């Protein structure tokens with residue numbers, strides 16, 4: 001569905017629509033750039049007018065004073081031109097920063113609000129950098145110069161109608177070439193961009209799975225797959241490059257031919273005394289000014305097509321986003337969890353993975369979520385945590401609908417530890433503190449609660465040890481899990497959700513982790529953990545069992561007793577189906 005949505009967006013956004021759409025995003029920048037472009041383009045007439053005066057007046061009158069004064073005036077005007085050109089280039093750079101800031105905020109909002117946006121975040125930000133480069137490299141400026149081409153053609157008509165007609169005909173011809181280039185190369189460039197993204201995503205996936213790939217000898221096959229993708233992208237790039245080179249060569253050659261025609265026509269008109277010799281040179285220079293933007297646009301077509309394709313991709317990803325509404329921070333909620341007619345589904349699926357059920361829990365409880373692999377335990381935890389939206393029903397924490405609660409405010413009261421903990425680039429302390437400004441004592445307190453303090457002190461720089469993609473790569477899965485648990489416990493959240501929290505810990509660490517989680521629950525928090533660990537299950541007060549799309553519950557002691565072999569024939573059945581709450 002997302003792919004079809006993107007393809008639809010790519011088809012409906014044309015070159016002009018794209019340019020005006022960017023203008024709506026940058027209303028405070030486009031008008032100043034246009035103003036500076038007006039000054040800059042008018043002052044481009046200084047050089048041909050100076051030549052006209054020198055050839056037609058100075059050489060015939062021999063006045064040195066006039067020559068000195070028009071030279072001084074011309075240099076002064078060209079200094080103003082330099083200031084105007086500097087101004088609009090500076091504004092372009094500022095516009096690139098503003099646009100990236102606005103769009104990146106919306107990309108991250110999509111990441112926060114949409115369950116399937118996580119895998120797209122890196123690619124979307126990489127695509128966004130191409131839009132930024134369109135402004136940063138001033139590739140956008142010929143589009144601001146293009147509206148002034150008729151002004152230069154008007155000046156050429158003022159020199160002589162034949163000169164103006166040649167300029168107009170040549171301009172229309174080159175504009176036609178530019179339009180044909182846009183139509184011809186659009187699809188090839190978009191396809192090449194998509195295949196390049198596919199190759200990038202493949203390489204990213206390989207880097208995350210290096211151990212498995214090397215262990216199973218898949219490097220050669222992975223390389224072959226990557227090469228096939230890159231070969232496809234390379235062929236498309238070569239095809240697009242051949243078209244662009246051809247069109248660029250045509251426009252450059254056509255521009256030179258037109259200048260020769262202008263000089264030839266001017267010479268013929270000068271012979272018949274219809275124009276002055278200075279007008280011949282002036283007409284040739286003005287033609288170059290009129291056709292310059294078209295020549296530049298065609299010459300930089302690959303960068304333009306790449307930026308427009310990037311814009312379309314970003315808009316396809318965020319086109320349904322609304323500006324983020326302001327929210328009022330809410331006080332700390334009571335430790336009361338209510339799952340009201342809750343059903344869950346895998347994102348994108350229409351069928352419920354777990355059918356509607358009702359359940360309530362209060363602070364001080366530790367609850368185990370059990371079930372076979374793939375039954376929906378992780379999906380249930382992620383839905384209760386607020387990462388995924390319910391299929392139906394609601395999750396209410398402290399009387400508040402958790403999914404209608406702004407995540408920036410809600411997150412401080414929720415702790416979550418996924419199965420595979422990945423740390424953000426930064427220090428251990430920054431990861432535990434959730435990238436917030438806080439006192440060191442708060443970080444240490446969270447680490448001590450998780451049983452991670454001693455382990456962290458053994459790291460090269462303790463809490464200042466860099467981790468993540470920019471840091472050390474020697475942390476074991478167990479060390480990452482302890483740091484992830486400390487991050488979840490930071491700030492004394494009301495509800496803690498853990499997905500196989502002891503899977504990568506040694507027996508001693510498991511003992512300390514269970515003891516610490518009991519203390520957290522006794523302090524008034526709600527603790528829900530998906531696990532297969534008998535020791536952790538035994539430490540809970542009740543269990544939720546996910547079985548064939550239904551939720552069954554039982555007291556933990558009765559469940560463990562009934563699960564023993566000697567109790568297999570017992571008539572008492574501790575599990576009972578959880579119905580829909582009234």
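No lab work stands behind these numbers, since they all come straight from the coordinates. All values derive from a computational prediction rather than experimental measurement. Note: ideal-geometry Cβ built from the backbone for every residue, glycine included; neighbour counts use all protein chains shown.
Protection proxy ranking, highest mean first, for peptides 449-461, 130-142: 130-142, 449-461, where packing is the per-residue count of other beta-carbon atoms within 10 Å, averaged.
Decide, for region 433-527, between rounded, prolate and oblate: order the square roots of the alpha carbon gyration tensor eigenvalues as a ≥ b ≥ c, take rounded if a/c falls under 1.5, and otherwise choose prolate if a/b is larger than b/c, else oblate. In terms of gyration-tensor shape, oblate. Put the Cα centre of region 233-296 next to the Cα centre of region 474-514 and the gap is 69 Å. Model label sites at residue 400 and residue 256, defined 7 Å from Cα along the beta-carbon direction, differ in position by 7.0 nm. As a rough guide to protection, the peptides 335-343, 103-111 ranked by mean Cβ packing within 10 Å, highest first, stand as 335-343, 103-111. Over the residues of the chain, the helix contribution to mean residue ellipticity at 222 nm works out to -20000 deg cm²/dmol, using -39500 (n - 2.57) for each DSSP H run of at least 4. Counting only alpha carbon atoms, the long axis of helix 64-113 and the longest principal axis of the chain meet at about 20°. By other beta-carbon atoms within 10 Å, ranking 311, 18 with the fewest at the front produces 18, 311. Per-residue packing, averaged as other Cβ atoms within 10 Å, sorts the ranges 294-305, 426-437 into the order 294-305, 426-437, beginning with the highest. For the chain, the longest principal axis of the Cα atoms and the long axis of helix 27-43 meet at an angle of about 20 degrees.
Ranking of 355, 487 by neighbouring Cβ atoms within 10 Å, starting from the fewest: 355, 487. Note on residue 271 and residue 362: their simple-model spin labels are 10.8 nm apart, each label 7 Å out from Cα toward Cβ. Overall shape: prolate for region 261-415, with the ratio a/c of the largest to smallest alpha carbon gyration tensor axis at 1.5 or above and a/b above b/c. The simple Förster model, with R0 at 35 Å and r as the Cβ-Cβ distance, assigns residue 503 and residue 228 a FRET efficiency of 0.45. Using only Cα atoms, tell me the angle between helix 277-299 and the longest principal axis of the chain; keep it within 0 to 90° and round to the nearest 10. It is inclined by approximately 20 degrees. With the Cα gyration tensor of region 348-404 giving a ≥ b ≥ c as the square roots of its eigenvalues, does the rule (a/c under 1.5 for rounded; else a/b larger than b/c for prolate; else oblate) give rounded, prolate or oblate? Note, shape of region 348-404 comes out oblate.
The value of relative contact order for the chain, using C-alpha pairs under 8 Å at least six residues apart, is 14 percent.
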